[in-house]
1. Within the stretch 64-80, restricting attention to residues that are surrounded by fewer than 17 Cβ atoms within 10 Å (Cβ to Cβ) and charged (D, E, K, R), which residue is nearest to Tyr13 (Cα to Cα)?
2. Could you give every pair whose Cβ atoms fall below 7 Å, whose first residue belongs to the stretch 8-22 and is on the phi > 0 side of the Ramachandran plot, and whose second residue is near the ligand (Cβ under 9 Å from one of its atoms), counting only separations of at least 6 or pairs across chains?
3. Under 29 Å from Lys116 (Cβ atoms) and in the same structural domain as Gln121 (by TED's automatic domain parsing): which single residue out of Ala162, Ala197 fits that description?
4. What are the residues in the stretch 11-58 that are assigned to a strand (DSSP E or B) and either within 12 Å of the ligand (Cβ to nearest atom) or modelled with pLDDT under 95 (or both), if any?
5. Among the residues in the stretch 113-131, are any in contact (Cβ under 8 Å) with a residue 24 or more places away in the chain and closer than 25 Å to His196 by Cα?
Amino acid sequence: MEMIEFKHVTKDYNDNRALDDVSVKINKGDFVFLVGPSGAGKSTFIKLILKETDPDSGSIVVKGTEVTTLSNRKIPGHRRNIGIVFQDFRLLPHKTVYENVAFAMEITHQSKRAIKRNVPQALALMGISEYASKYPTELSAGEQQRVAIARAIVNKPTVLIADEPTGNLDPVTAWEIMKLLEEINARGTTIVMVTHAKDIVDRMKKRVIVIENGKIVRDEFGTYGLGGTKRASAIEPDPYMEDDYNEAVADDREDYSGRKPKNSDGEVFSRQTTEIPKKPLGEDIDEASVEDAFAKAERLLAKHD
Ligand code: ADP
């Protein structure tokens with residue numbers, strides 16, 4: 001069954017063609033890597049799925065619903081079906097781990113009972129139950145990304161979009177995150193992951209859709225196949241979340257500048273929660289050390305099982 005179907009989708013920004021007559025089907029339970037150089041049209045593809053923008057022509061069906069003609073009233077319901085994870089985590093700094101995850105349910109007006117049931121489940125699945133009352137700044141980058149994934153799946157979406165989810169993580173942590181995404185996928189969630197991480201794509205051996213100049217130039221199972229020269233050079237966050245969420249983040253930031261929140265030790269939170277590596281994942285890392293890192297991560301994960 002198709003979960004996402006694009007039929008002859010074209011999207012122009014003024015005289016710039018971002019997507020050019022794209023037709024593709026993504027089935028329920030697929031795990032798809034969306035790769036391609038910067039400016040290829042990957043973000044536009046994602047924004048169209050979320051109905052953050054509309055195509056100039058063509059049809060987009062998500063979970064049986066034509067998205068291009070969806071009324072404003074139905075957009076929140078549509079987006080509830082889609083969880084999103086970002087490269088830079090986007091956690092609310094002065095909410096705890098539990099509150100960050102619960103917040104995704106509160107803004108979609110779920111019952112207290114459902115929140116009490118789903119949040120601990122999502123935290124447990126991500127292996128972060130013990131951090132429930134911690135703040136994002138008290139966690140490592142990998143732990144923060146687990147929180148962000150818990151938040152993305154807490155509403156039990158049918159599709160999970162991951163936008164460079166390993167872009168700020170070291171190879172071992174990145175691999176742990178990939179294993180968690182694989183687990184979520186195994187439970188039936190369709191995953192679309194935008195990435196420049198060649199090592200990861202090559203190892204996962206999933207379906208790879210390559211976009212270049214607004215066109216799908218390759219769609220097959222296997223490897224990244226771009227010669228490894230085109231990597232993320234810049235962090236380009238995109239606000240995919242619902243307006244409510246963005247407003248809440250804005251409020252949060254406002255509070256933030258006014259009265260600086262402190263953690264339980266009375267330390268003032270810093271705005272930058274994670275040190276962002278200066279080089280993209282995989283650069284300057286030789287094959288042997290990557291092999292080693294992956295083997296180590298596998299062993300660590302095996303121990304947890
Ligand atoms: P990618 O995510 O692969 O880097 P994008 O989907 O962001 O690519 O962009 C595809 C093309 O559309 C690029 O040429 C980009 O400059 C252009 N584009 C994207 N968003 C806008 C916008 N809001 N206004 C004008 N041009 C845009």
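1. Glu66
2. Once the first residue is on the phi > 0 side of the Ramachandran plot and sits in the stretch 8-22, no partner that is near the ligand (Cβ under 9 Å from one of its atoms) comes close enough.
3. Values: Ala197 fails: under 29 Å from Lys116 (Cβ atoms).
Exactly one residue qualifies, and that residue is Ala162.
4. Lys11, Asp12, Tyr13, Asn16, Arg17, Ala18, Leu19, Asp20, Val22, Leu34, Val35
5. Yes.
The values are calculated or read from the model by the stated rules, or taken from the named source; none is laboratory data. These numbers come from a predicted model, not from an experiment. Cβ sites come from the backbone with ideal geometry, for glycine too, and all protein chains shown count toward neighbours.
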